[in-house]
Amino acid sequence: MPSSTVAPGSVPAGPAAPPAPAVTVAPASEAPAPPPSATEAPPRPKRRRVVRHTPRRPPEWVLRSKVELAMHADPRFGNVVVEVTQPGVVVLRGTVFDDKTRDAAANTARNVGGVTRVINVLSTQTLGWLETQIRVNQALQQAGLKLVSVKVIGKTAYLSGQVATALDRDRAQTVVITAAPDLTIGTNLITVAQ
C-alpha cells in the first residue's frame with residue numbers, strides 16, 4: 001500500500017467537496033445604502049392629501065319634486081302645495097283634514113333627503129267646521145232657540161237640544177240651512193218638551 005502524504009495546508013484526498021456558491025459583487029454605484037445613523041432623521045412618509053367633501057344640496061326643483069312625491073304617496077296630503085324658498089327650506093301650503101294630518105305632512109317633508117327646515121302653514125278643515133258651527137249656533141240663538149245646539153263635522157250638521165213645539169224643531173232645521181246652505185242635516189236629536 002502506498003502511503004500518501006499530505007502536504008501541510010492541503011485537503012486530504014477523499015470524496016469530492018461540493019462547489020462553493022458564486023458570489024457576485026455589485027458595483028459601488030448599486031451598493032445598498034448604509035443604515036441611517038442615530039443622528040439622521042428617518043425619511044418622512046408621503047402624506048396623502050385629504051379632500052373633504054361637503055354634501056351637495058340638490059337643486060331646488062329636485063328637492064321640490066322629492067317632497068311632492070312623498071306628499072302624493074299619501075292620499076291625506078292631496079291638497080298640499082310644496083315650495084322651496086332657500087336651499088333645504090320647504091314651505092307647505094294648502095288644506096288638510098286636521099291637526100294630526102298637518103303634523104304628519106310636516107314629518108313626511110322632514111324625512112326627505114336634503115330638507116333642513118320645514119315651514120308648515122297648512123290650514124285644517126276642522127277650523128272651517130268650527131267657524132261654521134259657531135255661525136250656525138249664533139243664528140239658532142238669535143232665532144230664539146236657546147236650548148238648541150249644532151255640531152258640524154264636514155258638510156253635516158247634527159242637531160241636539162230641546163224646543164217647545166214640533167214647529168220649533170222644524171224651524172231649527174230651517175235656521176241651520178239658512179245660516180250654512182252647504183250643510184246637510186245628519187241627525188236631528190231635538191226633543192219636544194211636553
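Table: residues versus (1) among the aliphatic types (A, V, I, L, M); (2) on the phi > 0 side of the Ramachandran plot.
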site	(1), (2)
106	yes, no
112	yes, no
128	no, no
136	yes, no
148	yes, no
158	no, no
161	no, yes
186	no, no
194	no, no
Among the residues of the stretch 150-181 satisfying the criterion of being of a type in the set (Val, Ile, Thr) and part of a strand (DSSP E or B), which is farthest from residue 134 (Cα to Cα)?
163
Number of positions in the stretch 70-102 that are in contact (Cβ under 8 Å) with a residue 12 or more places away in the chain and within 22 Å of residue 129 (Cβ to Cβ)
16
Of the residues in the stretch 93-119, those that are of a type outside the set (Lys, Arg), within 20 Å of the chain's Cα centre (by Cα), assigned to a strand (DSSP E or B) and over 18 Å from residue 69 (Cβ atoms) come to 119
For the stretch 112-124, does any single residue satisfy the condition of being crowded, with 16+ Cβ neighbours inside 10 Å and within 24 Å of residue 183 (Cα to Cα)?
yes
Any chance residue 90 is buried (at least 19 other Cβ atoms within 10 Å of the Cβ) and within 27 Å of residue 70 (Cβ to Cβ):
yes
Apart from one, (1) surrounded by 12 or more Cβ atoms within 10 Å (Cβ to Cβ); (2) over 20 Å from residue 95 (Cα atoms); (3) outside the structural domain of residue 76 (by TED's automatic domain parsing); (4) among the hydrophobic types (A, V, I, L, M, F, W, C) all hold for residue 167; the odd one out is (1)
If you go through the stretch 131-140 one residue at a time, do you hit one that is loosely packed, with under 14 Cβ neighbours inside 10 Å and either more than 30 Å from residue 179 (Cβ to Cβ) or in contact with a Ser or Thr (Cβ under 8 Å, 6 or more places away or on another chain) (or both)?
no
Which count do you get for residues in the stretch 170-183 that are exposed (fewer than 12 other Cβ atoms within 10 Å of the Cβ) and polar (S, T, N, Q)?
2
From (1) among the acidic types (Asp, Glu); (2) modelled with pLDDT under 90; (3) closer than 30 Å to residue 152 by Cβ, pick out the condition that doesn't hold for residue 103.
(2)
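The values are calculated or read from the model by the stated rules, or taken from the named source; none is laboratory data. This is a predicted model, so every value here is computed, not measured. FYI the Cβ positions are ideal-geometry reconstructions off the backbone, even for glycines, and counts take in every protein chain you see.
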